[in-house]
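Here is the structure we will look at.
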There are 2 protein chains.
Amino acid sequence: MEPTTPPLRIALAQVDTCVGDVAGNAATVLEWTRRAADAGARLVAFPEMTLTGYPIEDLALRASFRRAAYRAGDDLARTLADEGLGDMTVVVGTVGARPIKERPMAALGSPSRPTNRAIALRGGRVVASYDKHHLPNYGVFDEFRVFTPGDSTCVLDVDGRRVGLVICEDIWQDGGPVAALAAEDLDALLVVNASPFEEGKGHQRTELAARRASEVGAPLLYVNQVGGQDDLVFDGGSFVVAPGSGAPLTSAPQFVPDLLVWDLPARGEALPRGTVAPPLEADEEVYRACVAGLAGYVRKNGFRSVVLGLSGGIDSALTAAIAADAIGGENVVGVSMPSAYSSGHSKDDAADLAERLGADYRVQPIAPMVDAFQGELHLDGVAEENLQARVRGVLLMAISNREGHLVIAPGNKSELATGYATIYDAGSIGGYAPIKDVDKSQVWRLARWRNNHALDAGEIPPIPESSITKPPSAELRPGQLDQDSLPPYDVLDEVLDAYIEHAEGRAELLARGFDPEVVDKVVTLVDRAEWKRRQYPLGTKVTALAFGRDRRLPITSRWREPQEGNPS
Amino acid sequence: MEPTTPPLRIALAQVDTCVGDVAGNAATVLEWTRRAADAGARLVAFPEMTLTGYPIEDLALRASFRRAAYRAGDDLARTLADEGLGDMTVVVGTVGARPIKERPMAALGSPSRPTNRAIALRGGRVVASYDKHHLPNYGVFDEFRVFTPGDSTCVLDVDGRRVGLVICEDIWQDGGPVAALAAEDLDALLVVNASPFEEGKGHQRTELAARRASEVGAPLLYVNQVGGQDDLVFDGGSFVVAPGSGAPLTSAPQFVPDLLVWDLPARGEALPRGTVAPPLEADEEVYRACVAGLAGYVRKNGFRSVVLGLSGGIDSALTAAIAADAIGGENVVGVSMPSAYSSGHSKDDAADLAERLGADYRVQPIAPMVDAFQGELHLDGVAEENLQARVRGVLLMAISNREGHLVIAPGNKSELATGYATIYDAGSIGGYAPIKDVDKSQVWRLARWRNNHALDAGEIPPIPESSITKPPSAELRPGQLDQDSLPPYDVLDEVLDAYIEHAEGRAELLARGFDPEVVDKVVTLVDRAEWKRRQYPLGTKVTALAFGRDRRLPITSRWREPQEGNPS
């Protein structure tokens, strides 16, 4: 009778890295490898580009940074061995050097590019490496710009088991390294990822992974980065799937660091199941993404507190609630900046919100400053409205300068897309805009979800009910309401999604059954907003982000969606 | 005796297109084709992506835009024939459709991408097409992101002559379509381009082109776009070279539209020479690039006038002079916004400048507004300095809102790179920053060049001498001088160029012989400036541009250039 092969215990370390913090990221690997060893694992895998952070963009082109990352991999291998972890196999992501064909005129913009590499550390040294083949260069990804593709496959031997290794986009493309690994008689396929959150992406990941598992005839282990980095949010949700239909055998929760441990059995034995994190409902998932994004931005940039204007409206209320969940209400400074047109309920709602959140609340009327400008300029109409809004922006910047808080901007996606906002106002200045990817309809849904979540937990709902129920207004002139200038938000947001996110034209929008008048109104608003941004692109982002999807548009473009009967 | 082959007259139409203005660009092609026909040409070639404009970025992913461009090519062929130009061969750039392999999960970001195409029109229809092989995706280029590469070659038959056709980057890469065309027995190689201006790039273009001409054994005709588009400047300078060393046989001037006509002789006959545009000296070339960039931005966005703050200092003086050259002094509004710390000579210099330029000059003291803010906020130190600067920003925005001028920002590259500027001040707000790619040393050189150029022409120098000679100061506190906070500008600018533009690390900077103390100071300033921008990335551009070269950096990065002895 043959001796039974014991199972191979594998740990997926779903960690939060920081771009550029090579030493800090290496320390994270050491800490979590120790945890994995304590849990009895023999192999521990970390996300894509662990040591460098992800995405590093053009930092990849800086030689001193690349050298630091190369050295960090070698140093980490030795440190792990010195710390008694030398018999673990540790898979970490980094950059790699590879001879590449340079273009003839190197001075003109094609500096040396590294590979996007995963290395396996064991016994004090790097024992294997794999360079990513497929370099995504769409949406938020710029990898073809900064990396050189690999062309080899990699199979790790861990205690006699054959573990194939690929990186993120490699499984999203047919053919390539996964197809090559199908002939490699694998025991498991390990995929290391930095896969940004998008609404509804979870199912796509597991279904695709199960398909790739079928291709190689072995279970697939998927480890993902977690946490906010710049304008991306990584949601974690690491998992293991069997070949077949896609329901995970075990999975880690989203939006928190986690160590997911799974035992790879001997060949022919049944694949074990573990804990499966219950899927989040849509609104909770987006709310948590917003919290993770802001928390990461604040912490990774060395801030401890934020300041924002509180108008009493739903956008600033939701943003403040997200901030309180991200860094604690006591680290949120909310400033009410009433004007002559601010209603009494606005000021009450702002104060009520701040009290519910435990925020530092201040009131700073803007009349003295507005009067001083008007004494000189005598503005009227939109110029006068914008002046009020910009005085608020200057006030927040001054408080930030004096006290060191990060200014956050509560502009939502619907108003940014339609240009229904003042440039350099309190809604658009600052370092981070937590709900810029959330349309107005979803702003209300997230606010309701957050309040209901509090009620379910027996807590006080953070957002005053009247901020949710009252009709939205910029309060920059008497009786002003958003709905005087915009289509109803539910319709507006559907058209915006089709026109901006799916790049549909007028013909496609009409074919979906939208009212032609509404379509032309929305298209005109968006095109005008782009024109408006051209006056001040130094002060606004010209991309519209949607949780991991963005666009790069020319600043100056005369392209207008055709508005007439022509079915272009 | 064989009949003599007559020469083939070819015209290179160095035109200024506008991104998205498909109808306007088609009209430009019609107009210049008529000129080429009047000049006796049989073949006229236009720059890369003539009909769509360049760069179109993610507009390429919008189906309705692509359809409009496809239709415009067919329509243009018919219009040319209808207008009696059907026997001309007209080469124009556009986008092309091509079956492509989609990734399996199309929803996740890989929409249909067109090709970067050149089409030949004759006899009322499209008679040939070529899809660009090499898609640059570095520096300012994003072509791999938005296009699909071609894989065929194209040889046009024009009156029995074999003319190879390739696009821009195709000649910057070894191998590829040029190598394939070497076997095609060409009479000429036509290269259509949208090649952005970089300092000193002209020689590289002609030398490379001569090398490619040698490869195919035929003269090379290079037609380039001209004019400002977004943050790029296209300098034209179209030319013809023989196989060999690179001196052009004929060339068009830089920065102006031009029709360059050249006769391709019968095989074996000597290649004729034509007018060669004299090369511009370095400072003139950069000055004209700044003028072209601003002029294009203003015109293509539908503005007629600009407004900027005039401090009496060199940056705003040079910017105003550039603006006057771009759109006429009478379309420039200069606003002096003195504070308690503004010196008398500053106000005099600003007034003097405005008079020399024929600009609309206004004085708006900031004391009433600063006093109103200070009555509420009681700021001191840097927060007080920034407040003064931001009040100026709000004033310019208000004037812009009221009167419709484009706000332009006179920030220079040295101060933007080192963070020696207030965010949202009069130097950084607005729609276009004409000298953001010009370092301070070059600011002075350009000012002197412009004044000398005026003297040579018997005109009044536009920039007051004292704005050039006085020591630079932000005048935000008494006696403040730039040199109290920064290394001398000549040294600073050399280190900035190496550290930012060439991505050199500390080791490389020291190896060049820079003083270690200065290196550490500059590196710290730049890294801190990047941190500062992270507080307000919604309000500043985080890329540093250098005439066609830019960087994409992570917003949040903890990477710091190592400062100690470690030769990383």
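State whether the residues of the stretch B:325-345 include one that is at the interface with chain A (Cβ under 9 Å from one of its Cβ atoms) and among the acidic types (Asp, Glu).
no
Quick one: in the stretch A:370-390, of everything that is at the interface with chain B (Cβ under 7 Å from one of its Cβ atoms) and within 21 Å of B:Ile423 (Cα to Cα), which residue is modelled with the highest pLDDT? Filtering first and then ranking leaves A:Phe373.
Taking the criterion of being open to solvent by 10 Å² or more (accessible area, probe 1.4 Å) and among the hydrophobic types (A, V, I, L, M, F, W, C), the residues of the stretch A:280-309 that qualify are A:Leu280, A:Ala282, A:Val291, A:Ala292, A:Ala295, A:Phe303.
Evaluating A:Val223 against the criteria (1) surrounded by 23 or more Cβ atoms within 10 Å (Cβ to Cβ); (2) within 14 Å of chain B (Cβ to nearest Cβ); (3) touching a residue at least 60 places away in the same chain (Cβ under 8 Å) leaves one unmet condition, (2).
For the stretch B:27-68, the candidate set comprises residues that are open to solvent by 20 Å² or more (accessible area, probe 1.4 Å) and in contact with a Ser or Thr (Cβ under 9 Å, 6 or more places away or on another chain); within that set, the residue that is farthest from B:Leu220 (Cα to Cα) is B:Ala63.
Sort out which residues of the stretch B:477-529 are in a helix (DSSP H, G or I) and of a type in the set (Lys, Arg), and write them in order of number.
B:Arg506, B:Lys521, B:Arg528
Scanning the stretch A:245-269 for residues that are of a type outside the set (D, E, K, R), open to solvent by 40 Å² or more (accessible area, probe 1.4 Å) and modelled with pLDDT under 95 yields A:Ser245, A:Ala247, A:Gly268. All of B:Glu57, B:Glu83 fail the test of being in contact with a Leu (Cβ under 9 Å, 6 or more places away or on another chain) and at positive phi, apart from B:Glu57.
Summed over the stretch B:466-510, residues that are among the small types (Gly, Ala, Ser) and either touching a Phe, Trp or Tyr at 6+ places or on another chain (Cβ under 6 Å) or exposed (fewer than 15 other Cβ atoms within 10 Å of the Cβ) (or both) total 2. How about the stretch B:400-417: which of its residues are more than 9 Å from every other protein chain (Cβ to nearest Cβ), hydrophobic (A, V, I, L, M, F, W, C) and under 12 Å from B:Gly309 (Cβ atoms)? The answer is B:Ile408, and nothing else.
Sub-7 Å Cβ pairs linking a first residue in the stretch A:47-64 that is at the interface with chain B (Cβ under 7 Å from one of its Cβ atoms) to a second residue that is aliphatic (A, V, I, L, M) and part of a loop (DSSP other than H, G, I, E, B), at least 6 apart or interchain, are A:Ile56/A:Val19; A:Ile56/A:Met49; A:Glu57/B:Leu553; A:Asp58/B:Leu553; A:Leu59/B:Leu553; A:Leu61/B:Ala503; A:Arg62/B:Ala503; A:Ala63/B:Ala503, ordered by first then second residue. Filtering the stretch B:129-179 down to residues that are free of Cβ contacts under 8 Å to residues at least 24 places away in the same chain and more than 27 Å from the chain's Cα centre (by Cα), which residue is surrounded by the most Cβ atoms within 10 Å (Cβ to Cβ)? If we take residues in the stretch B:129-179 being free of Cβ contacts under 8 Å to residues at least 24 places away in the same chain and more than 27 Å from the chain's Cα centre (by Cα), then B:Asp157 is surrounded by the most Cβ atoms within 10 Å (Cβ to Cβ).
Results for (1) hydrophobic (A, V, I, L, M, F, W, C); (2) facing chain B (nearest Cβ under 9 Å); (3) over 30 Å from B:Val140 (Cβ atoms), shown as yes or no for each residue.
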| position | (1), (2), (3) |
| --- | --- |
| A:Tyr138 | no, yes, no |
| A:Phe144 | yes, yes, no |
| A:Arg161 | no, no, yes |
| A:Ile171 | yes, no, yes |
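Matching residues to (1) at pLDDT below 95; (2) not in a strand (DSSP E or B):
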{"residue": "B:Ser311", "(1), (2)": "yes, yes"}
{"residue": "B:Leu318", "(1), (2)": "no, yes"}
{"residue": "B:Ala323", "(1), (2)": "no, yes"}
{"residue": "B:Tyr341", "(1), (2)": "yes, yes"}
{"residue": "B:Ala350", "(1), (2)": "no, yes"}
{"residue": "B:Tyr361", "(1), (2)": "no, no"}
{"residue": "B:Pro368", "(1), (2)": "no, yes"}
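The values are calculated or read from the model by the stated rules, or taken from the named source; none is laboratory data. What you are looking at is a predicted structure, and each value in this text was computed from that prediction instead of being measured. All Cβ positions, even for glycine, are placed from backbone atoms using ideal geometry, and neighbour counts span all protein chains on display. Ligands, DNA and RNA are excluded from the accessible area calculation, which covers all protein heavy atoms including side chains. Shrake-Rupley method; radii C 1.70, N 1.55, O 1.52, S 1.80 Å.
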